[in-house]
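The values are calculated or read from the model by the stated rules, or taken from the named source; none is laboratory data. Since the structure is predicted, the reported quantities are computational estimates derived from the model, not experimental observations. Backbone-built Cβ (ideal geometry, glycine too); neighbour counts: all protein chains shown.
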Amino acid sequence: MTVTLITGANKGLGHETARRLIELGRTVYIGARSIERGEAAATGLGARFVQLDVTDDASVETALGVIGEREGHLDVLVNNAGISATADAVNGPVALMVFDTNAVGIIRVTQAALPLLRKSENPVVVNVSSALGSFWAVTNPERRQFHYPAIIYGASKAAVSMLTVQYAKALPDIKFNAVEPGFTATDLTPASRGHRAHGDHRRGRPHQHLPGERRRARLVVPGAGAVHQ
Ligand code: NAP
């Protein structure tokens, strides 16, 4: 049985990814920093729950310890937990918080998960990045990302993509993928609502895309086919 851990899966894209994997019969651990929100989400989905705050080393170690005890291995780690920042809040404390969650969090969870991933026959790590961290997209006026001010968030997501490449090179025994899930109305996106020129603001609906933009991203999980977001 494929065992998957998704960080920040009590709502939003992580929650939807968990729902679809469970539909396919996978064993899914919802990682959430809030016990209350995480347990409620896991109960609703038929998932398992581990308390996991990606900014807290002890919580990450404990969460992976619990999965190790219960499952003995981990096949798929989805580093999904993320936060944004408003365009006008550009300062050190905000930058530290966003980078700690979006980029350092990936290092924390991945490092703690490595021993369990190495016990899988086909270990995969999926890092949820963003086109706002793509040098190509943010410098291309045809792309909506060109028009968004996202100094801190964009830089943190560029770090996510680079972490993926560097991990893939350093650890060839594990498959590392970065995914851009597509612009989707979640609790993360209101910060940029004022800049949505073309979007459908209804929750959960992908926004209309500019010509040439991909409509959907493919999140490939071994044995599960492609999960569209
Ligand atoms: P969301 O609905 O706000 O969900 C974010 C999740 O991350 C929540 O479950 C949140 O938990 C969790 N989280 C935040 N900080 C955490 C921490 N320190 N430890 C553990 N969990 C934490 O946002 P989303 O849109 O689904 O975002 C999911 C991922 O997709 C993010 O990495 C985001 O950057 C990326 N992304 C989103 C879009 C989009 O259009 N929505 C586009 C590109 C990329 P709480 O409930 O406790 O806050």
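Within region 48-67, residues that are under 14 Å from Val28 (Cβ atoms) sit with their Cβ atoms under 8 Å from residues that are of a type in the set (Lys, Arg) and within 9 Å of the ligand (Cβ to nearest atom), at 6+ positions apart or across chains, in these pairs: Leu52/Arg33.
Among the residues of region 170-190, those that are over 15 Å from Gly154 (Cα atoms) and within 6 Å of the ligand (Cβ to nearest atom) comprise Thr184, Thr186, Asp187.
Residues are listed down the side, and each one gets a yes or a no for (1) of a type in the set (S, T, N, Q); (2) closer than 27 Å to Asp187 by Cβ; (3) touching an Asp or Glu at 6+ places or on another chain (Cβ under 9 Å):
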position: Ala95; (1), (2), (3): no, yes, no
position: Ala103; (1), (2), (3): no, yes, no
position: Ile106; (1), (2), (3): no, yes, no
position: Pro115; (1), (2), (3): no, no, no
position: Ser120; (1), (2), (3): yes, no, yes
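Does Glu61 satisfy the condition of being surrounded by fewer than 20 Cβ atoms within 10 Å (Cβ to Cβ), charged (D, E, K, R) and within 16 Å of the ligand (Cβ to nearest atom)? Yes, satisfied.
When restricted to residues that are within 11 Å of the ligand (Cβ to nearest atom), in a helix (DSSP H, G or I) and not polar (S, T, N, Q), region 92-136 contains 12.
Close contacts from region 172-187, counting a first residue that is without any contact (Cβ under 8 Å) to a residue 24 or more places away in the chain and in a loop (DSSP other than H, G, I, E, B) and a second that is surrounded by 19 or more Cβ atoms within 10 Å (Cβ to Cβ) and not aliphatic (A, V, I, L, M), with Cβ to Cβ under 8 Å and a gap of 6+ residues or different chains, come to Ala185/Gly199; Ala185/His207. The set of residues in region 13-33 being touching a strand residue (DSSP E or B) at 6+ places or on another chain (Cβ under 8 Å) and within 12 Å of the ligand (Cβ to nearest atom) consists of Leu13, Gly14, His15, Thr17, Ala18, Ile30, Gly31, Ala32, Arg33.
How about region 37-58: which of its residues are assigned to a helix (DSSP H, G or I) and within 10 Å of the ligand (Cβ to nearest atom)? Within region 37-58, Arg37, Gly38, Ala41 qualify. If the condition is being in contact (Cβ under 8 Å) with a residue 24 or more places away in the chain and among the hydrophobic types (A, V, I, L, M, F, W, C), then region 25-41 contributes Val28, Ile30, Ala32, Ala40, Ala41. A count restricted to region 108-118 and to residues that are under 13 Å from the mean Cα position of the chain (by Cα) and without any contact (Cβ under 8 Å) to a residue 60 or more places away in the chain stands at 1.
Kindly indicate whether any position in region 89-98 is closer than 19 Å to Val165 by Cα and within 17 Å of the chain's Cα centre (by Cα). No, because not a single residue in region 89-98 is closer than 19 Å to Val165 by Cα and within 17 Å of the chain's Cα centre (by Cα).
For the residues Gly225, Gly199, Gly204, the requirement of being at pLDDT below 50, in contact with a Phe, Trp or Tyr (Cβ under 8 Å, 6 or more places away or on another chain) and not β-branched (Val, Ile, Thr) singles out Gly199.
Would a scan of region 71-87 turn up a residue that is out of contact with any helix residue (DSSP H, G or I) (no Cβ under 8 Å at 6 or more places or on another chain), away from the ligand (no atom under 13 Å from the Cβ) and either more than 19 Å from Val124 (Cα to Cα) or free of Cβ contacts under 8 Å to residues at least 40 places away in the same chain (or both)? No; the residues of region 71-87 include none that is out of contact with any helix residue (DSSP H, G or I) (no Cβ under 8 Å at 6 or more places or on another chain), away from the ligand (no atom under 13 Å from the Cβ) and either more than 19 Å from Val124 (Cα to Cα) or free of Cβ contacts under 8 Å to residues at least 40 places away in the same chain (or both).
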